[in-house]
Amino acid sequence: MRAALCKTLTGPDDIVIEELPDPVAGPGEAVIRVGAAALNFLDTLAVRGKYQFKPPMPFSPASEFAGRVESVGDGVTAVKVGDRVFGSAGHGAAREKMVVKAATLMPIPAGVSDEVAAGVTVTYGTGLHGLKDRGHLQPGENCVILGASGGAGLAAVELAKLMGARVIACASTDEKLAICKQHGADALINYSSGDLKEQIRAATDGQGADVVYDCVGDRFAEPAIRAMNWGGRYLVIGFAAGEIPRIPLNLLLLKSCSLVGVFWGAHVTRNPAALKSSLTELMGWVAEGKLKPHVHKIFPLAETGAAIRELDRRASTGKVIIKP
Ligand SMILES: NC(=O)c1ccc[n+]([C@@H]2O[C@H](COP(=O)([O-])OP(=O)(O)OC[C@H]3O[C@@H](n4cnc5c(N)ncnc54)[C@H](OP(=O)(O)O)[C@@H]3O)[C@@H](O)[C@H]2O)c1
């Protein structure tokens, strides 16, 4: 089977395609014929050795996958050969076949394609955990999303809307904002220029944000906190714009607001039952058409490096998919 391999931690340009022996499922494992793999921001870091978790070398990028069960190891009862399944494994999906723990696999409902199913786990899982469990977002509240057109951001736009919030999407170009509008955003802010605090105040009729879902950090975080409503919740999702911001604590006192960390991967590791129940709920909404995951572009396996560069270049919206 063919696999995209990161062998040098020198970035996406040095990813190579190699022929490897077909994998064999051990006890409790399943071999998946990958129909589609999905990238996340972490892949841009992992291929440079900059992600907090370091996969053993060499490794295939892409944590999320969808495909068919090709074989199962001893003791596997959760899935059988031929089942369509999706999930996330941390890394290793940019290859034709991968081995995963069978207990983590989730079924793909009829009518949902591999390309769509592959990109649901991390972004929508984080969105639901962040907005519901950590942010306690309520119907009618103003929810501001920074980096709203990216994978995590666009999932949060759709979920916040589904939860009955008024969604204010913030992104760097009008084209990206137009996609946020298509996915349910009520108000749009182009944060490439202007005063973000004033823009958020204006977009919320002076009330400020009840919940901020921050995928970018850096220079955007402090003005967004300064534009929070009394009792607001600021969700720390990620730092795609680069710097980890330092926040003056007096701002929290003055607004009686909370800074709330969100770490989906650690949350579901500690609570596997929550992973299964949330993915069942999310994929149900996808099958019903209540969520419409946006696929930016599909790349062949041979162009895995170019696919990662698409995120690097800040050029993608929604999900970037690799099709082995
Ligand atoms: N906490 C968690 O559990 C969790 C889970 C998933 C993801 N995350 C984090 O969420 C963030 C977004 O992840 P993602 O997979 O959605 O990434 P993505 O699809 O690449 O989106 C990142 C967004 O950030 C914005 N951005 C601003 N400055 C950027 C820069 N210098 N380079 C790249 N993008 C920049 C871009 O939008 P504009 O051009 O509009 O600014 C882009 O849409 C990452 O930091 C990731 O680690 C955290």
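Observations
- Scanning the range 278-309 for residues that are among the charged types (D, E, K, R) and without any contact (Cβ under 8 Å) to a residue 40 or more places away in the chain yields Glu288, Lys297, Glu303.
- Within the range 198-212, not a single residue is modelled with pLDDT of 95 or more and near the ligand (Cβ under 10 Å from one of its atoms).
- Among the residues of the range 28-66, the one identified as over 15 Å from Pro12 (Cα atoms), within 11 Å of the ligand (Cβ to nearest atom) and charged (D, E, K, R) is Glu64.
- In the range 148-174, the residue that is farthest from Ile200 (Cα to Cα) out of those that are among the charged types (D, E, K, R) and more than 15 Å from the ligand (Cβ to nearest atom) is Lys161.
- Counted residues, the range 69-123 - those being under 16 Å from Ala38 (Cα atoms) and touching a Ser or Thr at 6+ places or on another chain (Cβ under 8 Å): 14
- Within the range 1-62, strands (runs of 3 or more DSSP E) holding 1 or more residues that are crowded, with 21+ Cβ neighbours inside 10 Å: 2-5, 29-38
- Between Gly206, Gly194, the distinction of being in the same structural domain as Glu158 (by TED's automatic domain parsing), surrounded by fewer than 17 Cβ atoms within 10 Å (Cβ to Cβ) and either touching a residue at least 60 places away in the same chain (Cβ under 8 Å) or under 20 Å from Leu137 (Cα atoms) (or both) belongs to Gly206 only.
- Sole residue being at negative phi and not in a helix (DSSP H, G or I), chosen from His296, His267: His296
- Where Val99 falls short, out of the listed (1) among the hydrophobic types (A, V, I, L, M, F, W, C); (2) surrounded by 16 or more Cβ atoms within 10 Å (Cβ to Cβ); (3) assigned to a loop (DSSP other than H, G, I, E, B): (3)
- Residue match in the range 263-281 (condition: within 12 Å of the ligand (Cβ to nearest atom), over 24 Å from Leu162 (Cα atoms), of a type in the set (A, V, I, L, M) and at pLDDT 95 or above): yes
- Flag if Glu243 is assigned to a helix (DSSP H, G or I), acidic (Asp, Glu) and either surrounded by fewer than 20 Cβ atoms within 10 Å (Cβ to Cβ) or under 19 Å from the mean Cα position of the chain (by Cα) (or both): no
- Among (1) under 30 Å from Thr204 (Cα atoms); (2) touching a residue at least 24 places away in the same chain (Cβ under 8 Å); (3) within 12 Å of the ligand (Cβ to nearest atom) - the single one Ala315 does not satisfy: (2)
- The set of residues in the range 218-251 that are farther than 17 Å from Gly127 by Cβ, among the small types (Gly, Ala, Ser) and within 16 Å of the ligand (Cβ to nearest atom) comprises Ala221, Ala224, Ala241, Gly242.
The values are calculated or read from the model by the stated rules, or taken from the named source; none is laboratory data. Just so it is clear, the model here is predicted, and its values are computed rather than measured. Quick reminder, even Gly has a Cβ in these numbers, built from the backbone with ideal geometry, and neighbours come from all protein chains shown.
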